[in-house]
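Quick one: the structure is below, and I'll ask about it shortly.
The values are calculated or read from the model by the stated rules, or taken from the named source; none is laboratory data. All figures in this text were calculated on a predicted structure; none of them were measured in a lab. Ideal geometry is used to build each Cβ from the backbone, glycine not excepted, and the neighbour counts take in all protein chains shown.
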Amino acid sequence: MAEEAKRGREVVEEIESKLSKIKYKLMVISGKGGVGKSFITANLAVATALMGRKVAVFDADIHGPSIPKILGVHGERFPVTSSGIVPVLGPLNIKVVSIDFLLPGEDTPVIWRGPLKFAAIRDFLSKVEWGFADYLYVDLPPGTGDEPLSVAQLVSGLSGAIVVTIPSELSLLVVKKAVTFARKVGVDVIGVIENMSGFTCPNCGKTFFVFGKGAGEKIAKDMGVHFLGSIPIDPRIAETCDRGEPFLIKYPESPAAKALMKITEKVLEIVESK
């Protein structure tokens, strides 16, 4: 047991060393799937880069990595230099790390239990040459299982967690669990983002609240955290994700893009004022 504890401390020290040149480290989590969390993570990274910060993204979704596809670097392989493995460079020089860059084909499943997933996350954090960045966004799979817990335990000095939801009553309980999870593992909750908050018809101008209304703000109020903002539905979001074109870059004047920029401004203001 003493030997295991010693090795555990050594791993954390290795990770601290590799991430030592990154100022702020943020987890992006959700209580349930299908809320557009990876889209949010990718575009928070793009918005942060557009605001003049150096950005890295760690796609910690071992079974369903989608960050490379959204950022247009799907199919790339990790560059190997004399100093070791380095992240793939995406748009705006965003550094991207994902298991996607190690899979032999896009239809290759990752059939792993918890210990292997923990080992993969540990190795990505401790072996990759991350270098300098102002922000690291960690995209996590839904729920409060192996991957979120592994990141929370391995990365000391996390700046906080961003919780993504949709405006449905069904989301209330599961998102509250995500907030409680972050608090139990000692991670501050930066706030809640409500995605898919409504669709405005381009013909009649009427807004339809397809998934409900106001749940994100209610969750934030109930849990005593910031409500960071809501993002309207835009069919072009799915199109840009499928094409690997960051939505913020492709449609910067859209209401959804403007909402994302305002949300990112809030995130940076909260994080950098601590």
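Could you check region 1-89 for helices (runs of 4 or more DSSP H) lying wholly inside it with 2 or more residues that are under 13 Å from the mean Cα position of the chain (by Cα)?
Working: elements: 2-18, 37-50, 67-70.
The qualifying helices (runs of 4 or more DSSP H) are 37-50, 67-70.
Tell me whether region 191-203 contains one or more residues that are over 25 Å from PRO91 (Cα atoms), of a type in the set (S, T, N, Q) and at pLDDT below 85.
Checked region 191-203: at least one residue is over 25 Å from PRO91 (Cα atoms), of a type in the set (S, T, N, Q) and at pLDDT below 85.
Something else about it: From SER38, SER30, grab the single residue that is modelled with pLDDT under 95, of a type in the set (Ser, Thr, Tyr) and closer than 18 Å to ILE190 by Cα. Please lay out each step first, then the result.
Working: SER38 fails: modelled with pLDDT under 95.
Matching residue, one of SER38, SER30: SER30.
Please count how many residues of region 97-117 are surrounded by 12 or more Cβ atoms within 10 Å (Cβ to Cβ) and in a loop (DSSP other than H, G, I, E, B).
Keep residues of region 97-117 that are surrounded by 12 or more Cβ atoms within 10 Å (Cβ to Cβ), which gives 97-103, 110, 112, 114, 116-117.
Filter again for in a loop (DSSP other than H, G, I, E, B), leaving 103, 110, 112.
The qualifying residues number 3.
Something else: Got at least one residue in region 151-168 being out of contact with any strand residue (DSSP E or B) (no Cβ under 7 Å at 6 or more places or on another chain) and either free of Cβ contacts under 8 Å to residues at least 24 places away in the same chain or more than 30 Å from SER98 (Cα to Cα) (or both)?
yes
Right, here's the next one. Got at least one residue in region 69-87 being crowded, with 16+ Cβ neighbours inside 10 Å, at pLDDT 90 or above, of a type in the set (Lys, Arg) and under 17 Å from ASN195 (Cα atoms)?
Taking every residue of region 69-87 in turn, none turns out to be crowded, with 16+ Cβ neighbours inside 10 Å, at pLDDT 90 or above, of a type in the set (Lys, Arg) and under 17 Å from ASN195 (Cα atoms).
Follow-up question, since we're still on this one. Any idea which of (1) among the β-branched types (Val, Ile, Thr); (2) surrounded by fewer than 19 Cβ atoms within 10 Å (Cβ to Cβ); (3) under 27 Å from LYS274 (Cβ atoms) is the one ILE94 doesn't satisfy?
Unmet condition: (2).
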